Structure formats: structure tokens, C-alpha cells
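Encoded as C-alpha cells, the structure appears first; notes follow it.
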Amino acid sequence: MNRKELVEAILSNKTLNHISKKDGDHFVNTLLDTVRKAVKKGDDVSLVGFGTFTKTRRAARTGVNPATGEKIKIKAKTLPKFRPGKAWKEMF
């Protein structure tokens, strides 16, 4: 499912069918942007029943170039992380 299909699925709910696709798309964009900014700032975003978005730090490490076998240094970096909530885990 891509963003357009997500917006259409949300708007297919009969309680939201009065909202335009443009407004629905704006809502999805705003939600995702808000989550990104909060996690980048270091805040956790928890959506009960869905999951939690967090910011995590990956330490520097040594890797191996698979083509040459040469050892390379991989820099430390910060990445987003998602942990699914209990309700989502139980679906599978």
C-alpha cells in the first residue's frame, strides 16, 4: 500500500467520507512529518495498540567488503527504530 492508497483507505471510512482527498493527503503528510520531527528531536512517539517510534544510536564497527574481503570501518550513526505494539504483534 502506498501513500495514495492509504489516504483512500482512510477516507473510505463512512465517518470520514466528507473529507476531500487533498485534505486527507495533507493529514497523512502532517502526521508523518510530526512523527519524524519528534523522533529526530529525541522524543519517543507511542501510539497505543500500534507501536512506538524511537531514535537509536548504532555504534561504530568494523565490516568486511564482500567483493574484496578488505576490512572497512563503518561510522557510528543515529537511526529511527519502530517497535510494534502488543495488539499488532498478536495479529500475526
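Where a number appears in this text, it was derived from the coordinates with a stated rule and is not lab data. This is a predicted model, so every value here is computed, not measured. All Cβ positions, even for glycine, are placed from backbone atoms using ideal geometry, and neighbour counts span all protein chains on display.
Numbers at a glance
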read-out: Burial order of peptide ranges 59-67, 6-14 (average beta-carbon count within 10 Å, highest first); value: 6-14, 59-67
read-out: The stretch 44-92: translational diffusion in µm²/s, Stokes-Einstein, Kirkwood Rh over Cα pairs, 10 °C, 1.306 mPa s; value: 120
read-out: Cβ-based charge dipole, the chain, positive-most Cα from I74, L6, S20; value: I74
read-out: Cβ-placed point charges (K, R +1; D, E -1), dipole of the chain about Cα centre in debye, nearest 20; value: 640
read-out: Kirkwood Rh and Cα Rg combined as Rg over Rh, evaluated for the stretch 1-42; value: 1.08
read-out: Per-pair calculated FRET efficiency, R0 = 35 Å: K14 and R58 via Cβ, rounded to 0.05; value: 0.20
read-out: Cα gyration tensor shape for the chain, rounded if a/c is under 1.5, else prolate or oblate; value: prolate
read-out: Rounded to 10°, Cα long-axis angle of helix 21-41 versus longest principal axis of the chain; value: 30
read-out: Interatomic Cα distance distribution for the stretch 23-64, bins of 10 angstrom, percent; value: 24, 38, 23, 12, 3
read-out: From phi via Karplus (6.51, -1.76, 1.60), per-residue ³J(HN,Hα) for the stretch 57-65 in Hz, x at Gly/Pro; value: 10, 9, 5, 5, 7, 9, x, 10, 6
read-out: Helix-derived mean residue ellipticity, 222 nm - over the chain, DSSP H n ≥ 4, -39500 (n - 2.57), to 500; value: -12000 deg cm²/dmol
